[in-house]
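The block underneath contains the structure these notes are about, expressed in structure tokens.
Throughout, read-outs are computed from the coordinates displayed, never taken from laboratory work. No experiment lies behind these values; they were computed from the predicted model shown. Note: ideal-geometry Cβ built from the backbone for every residue, glycine included; neighbour counts use all protein chains shown.
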């Protein structure tokens, strides 16, 4: 194992902040706990400030500690990028990329993306985390992720969007549902049926609450959950409809087990899906490869769904 270019003290502070205690950090780093403790004490002496609060069940960074942790994570990120660049000089697309995706991507385009990358670039490894849109942006901004595929991204100065596509708001129903034969529906029509509704942790629900809150005035007609898989399962059984996008339900739309009905209300605004990175950090060659594959897979998935929906629509 090669030596790290990042000073040991910074690596130790970062791991203690991540693990919550010196003992856990020692196990993660395979070094003696006394060595970690000594480096932290030396830093605290040099800065004449405590970097951690010593709690009964662990350690928590102080404001000064947070500053050192941020410095350490920047150094570690720079080291990873430098190592990737050096590998490129050897002529090999080899390295590691941290990707954050949404829950619906797990049984959508994501497995195909991983299979394709593994076949074409076997030396590229992925760390894939499933998160909410808010958590995905936090991961990007905090250097806990290199690339994020995010629904309804809110513009931020430190976030750079590589690609984005509009996702018309619609509802999905099973082929046996009374609305299944319609070309489109209005919110008024949809509100007369049982609704499987996402929780307010998801941006589509917050949008619906803000602009069409009257839809949910009768709580007896709705089941609320933070699980997209449960939302889709309830729709699949034919008793419920769900407000969602073509990308959320791509596998079910492609195999015909769900039908997508656009919302025809003129005031409804489309949702979006974006591939984004931290604008403050350069993208490594490996992450650029992954981002290009990611964009191609999402765009291809949307194109396939829309082609099938177009074929199924009456002339």
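The angle between the Cα long axis of helix 63-89 and the longest principal axis of the Cα atoms of the chain comes to about 80 degrees, rounded to the nearest 10. Roughly how tilted is helix 33-47, in degrees to the nearest 10 and between 0 and 90, from the longest Cα axis of the chain? The helix 33-47 is inclined about 80 degrees to the chain.
Quick check: the distance between the Cα centres of segment 266-281 and segment 146-183, to the nearest angstrom? Centre-to-centre (Cα) distance: 9 Å. Multiplying the residue separation of residue 64 and residue 292 by 0.36 nm and subtracting their alpha-carbon distance yields 78.2 nm.
By the count of other C-beta atoms within 10 Å, a proxy for reagent exposure, 310, 21, 184 are ordered fewest to most as 310, 184, 21.
Per residue, the average separation of C-alpha pairs within less than 8 Å and at least 6 apart gives the chain a relative contact order of 21 percent. When DSSP beta bridges are restricted to pairs lying wholly in segment 169-269, around 55% turn out antiparallel.
With contacts taken as Cα pairs under 8 Å at a separation of at least 6 residues, segment 169-269 carries a relative contact order of 51 percent. Counting only alpha carbon atoms, the long axis of helix 203-212 and the longest principal axis of the chain meet at about 50°.
Within the chain, the ratio Rg/Rh, alpha carbon atoms throughout and Rh by Kirkwood, equals 1.07. The largest-to-smallest principal axis extents of the Cα set in segment 169-269 are 33, 28, 25 Å.
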